[in-house]
Amino acid sequence: MAGDVNLFWNDHDDPNAAEIEVMVAEEGSRRHGLAREALGMFMAYAADKLGVQTFRAKIGEANVASLSLFRTLGYRHVSRSEYFKEATMEVRACDLQPLSFAPGYGTYSSDL
């Protein structure tokens, strides 16, 4: 196992929003596209099967690689925590780009 992807429904005001996180623990597995692929497939499944409409990621400001990764997936900066030194980024499921490595996913209905 190289790492993990987690999804949390922790926004009590928006039951269709979920916080997502990824960790590639094995250093030798980093920078090979595993996180991007895992996130893409996980988000496609969550949007299609679990009804997630908004994905939110909280990323340490010093984690330049993760900030860049989430930007390439369509996430936009929405807020910053001075206390935790982290950025909050979001993307709506309807704005996700189709995934060439996940056949059958990537087409999202307009009701999401």
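With the simple spin-label model, which puts each label point 7 Å out from Cα in the Cβ direction, the L34 to L50 separation comes to 2.1 nm. Within the shell defined by Cβ-Cβ distances under 14 Å, the residues around M41 carry a net charge of -1, with Lys and Arg each +1 and Asp and Glu each -1. Here the gap between L7 and Q97, fully extended at 0.36 nm per residue and compared with their Cα-Cα distance, gives a gain of 30.5 nm. With the charge dipole of the chain set up from +1 on Lys and Arg Cβ and -1 on Asp and Glu Cβ about the Cα centre, the Cα lying farthest toward the positive end among the listed residues T72, A17, L50 is that of T72. Taking 0.36 nm per residue of separation and subtracting the current Cα-Cα distance, fully stretching the chain between N16 and K85 would add 22.2 nm. May I ask for the longest run of the chain untouched by GluC sites (Glu not before Pro) that are loop-located per DSSP and have at most 16 neighbouring C-beta atoms (other than their own) within 10 Å? Longest site-free region, per DSSP loop and neighbour criteria: 27-60. The charge dipole of the chain, taken about its Cα centre with unit charges on the Cβ atoms of Lys, Arg (+1), Asp and Glu (-1) only, comes to about 340 debye.
Probing with 1.4 Å while keeping every protein chain in the model, the per residue accessible area of the chain equals 62 Å².
Scanning residues 5 or more positions from E61 or on other chains, those with amide H under 5 Å from its amide H are E86, A87, with H placed 1.01 Å from N in the peptide plane.
The values are calculated or read from the model by the stated rules, or taken from the named source; none is laboratory data. Quick caveat: nothing in here was measured; it's all calculated off a predicted structure. Note that each Cβ is placed from the backbone with ideal geometry, even for glycine, and that neighbours are counted across all protein chains shown. The protein model used for the area step is the full one, side chains on, heavy atoms only, and it has no ligands, DNA or RNA in it. Shrake-Rupley method; radii C 1.70, N 1.55, O 1.52, S 1.80 Å.
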